[in-house]
Amino acid sequence: MAYNLLQGKKGIIFGALDEKSIAWKVAQRAREEGAEFVLTNAPLAMRMGEIKKLAEECQAQIIPADATSVEDLTNLFTQSQEILGGKIDFVLHSIGMSPNIRKGKSYGDLNYEWFQKTLDVSALSFHKVMHVAEKLDAMNEWGSILALSYIAAQRVFPDYTDMAQAKAMLESIARSYGQRFAKLKKVRVNTISQSPTKTTAGTGVGGFDAFYDYADKMSPLGNASAEDCANYCLTLFSDLTRMVTMQNLLHDGGFSSVGISEEIVAQMSK
Ligand code: NAI
């Protein structure tokens, strides 16, 4: 159901790789709610071509940008304002990648160059996005900037390795830049900490199926889906949440407040 929550709003959505991507669902729902936006992803991801389908469906233009490159981001924000005919109201940072996870490195055996890459792509890029938006004065007042996080920022999930540090940094950047952007332009900055979700980035983590099922059994509402996450993102882009900022918002079906569930007890008692 559409509520016209984003009528007249202009945005930039990072990270729609394929139909499973959380950003893909956000784009579809944002369009239904009346938003206009530019889609962007790393040039390498573009070559896979999937995003063109989404762009057609959403009547959106695509601008490639490596989110670790200030130059690419400057081009992205400049062009987006031209295409959309004004400043930006919302930004979704839906980006994560760890070469160490891709290569199956354990936490005690990380490659440090790759670790830096993990931090650059998955966390520092969020700072760079906001730095460029600030320098170009590209955000409208009462705009909303959002990134996606995971509870491994606070609790240990061994197979999440260096992404745990990336998410902790991402959430910290949201707080620090959130204070700055609120003072400068009344722009709010938050992270949503999402349940495990069956996407390319998600399923790349070792043991994913097991901790997906575990989280599902621990969460009284079950795991939040990518569609649910998209709906939550939209509320944060809408004018209904103008005073929410510098928060890490748990979107996890209750997982983070549970010590143990009957389902897990039953499973352990078998
Ligand atoms: P996904 O694999 O569909 O999306 C990750 C995106 O990051 C891809 O579109 C990829 O092209 C993009 N990306 C990688 N390097 C980039 C770069 N240098 N510049 C620009 N874009 C780049 O997976 P998903 O799950 O939709 O991930 C979106 C966000 O949600 C990530 O931040 C992820 O950590 C977070 N998240 C995912 C969960 C899951 O279980 N899937 C759980 C909690 C958070």
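So which residues in the stretch 245-259 are within 27 Å of W142 (Cβ to Cβ) and either at pLDDT below 95 or in a loop (DSSP other than H, G, I, E, B) (or both), if there are any at all?
Result: T245, M246, Q247.
Tell me, which residue of the stretch 1-16 that is among the aliphatic types (A, V, I, L, M) and modelled with pLDDT of 95 or more is most open to solvent (accessible area, probe 1.4 Å)?
L5
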- Could you list, in sequence order, all residues of the stretch 216-270 that are within 30 Å of G8 (Cβ to Cβ), over 17 Å from the mean Cα position of the chain (by Cα) and not β-branched (V, I, T)? D239, L240, R242, M243
- Message: Would you confirm whether or not the stretch 63-76 contains a residue that is more than 25 Å from N190 (Cβ to Cβ), in contact with a helix residue (DSSP H, G or I) (Cβ under 8 Å, 6 or more places away or on another chain), within 15 Å of the ligand (Cβ to nearest atom) and touching a residue at least 12 places away in the same chain (Cβ under 8 Å)?
- Response: yes
- So, of the residues in the stretch 167-215 that are hydrophobic (A, V, I, L, M, F, W, C), within 13 Å of the ligand (Cβ to nearest atom) and not in a helix (DSSP H, G or I), which turns out to be farthest from R242 (Cα to Cα)? V205
- Residues of the stretch 41-75 that turn out to be basic (K, R) and in contact with a strand residue (DSSP E or B) (Cβ under 8 Å, 6 or more places away or on another chain), as a count: 1
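Filter the stretch 216-237 for residues that are assigned to a helix (DSSP H, G or I) and among the hydrophobic types (A, V, I, L, M, F, W, C) and give the result.
M218, A226, C229, A230, C233, L234, L236, F237
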- Task: Give the residue that is farthest from the ligand (Cβ to nearest atom), with candidates limited to residues of the stretch 17-28 that are of a type outside the set (S, T, N, Q) and surrounded by 21 or more Cβ atoms within 10 Å (Cβ to Cβ).
- Result: A27
- Could you say whether any residue in the stretch 34-47 is modelled with pLDDT under 95, more than 9 Å from the ligand (Cβ to nearest atom) and not polar (S, T, N, Q)? yes
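The values are calculated or read from the model by the stated rules, or taken from the named source; none is laboratory data. Bear in mind the structure is a predicted one, so any value in this text is a computation, not a measurement. Glycine also receives a Cβ, built like all others from the backbone with ideal geometry; neighbour counts cover every protein chain displayed. Ligands, DNA and RNA are stripped out before the accessible areas are found, and what is left, the full protein with its side chains, is counted by its heavy atoms. Shrake-Rupley method; radii C 1.70, N 1.55, O 1.52, S 1.80 Å.
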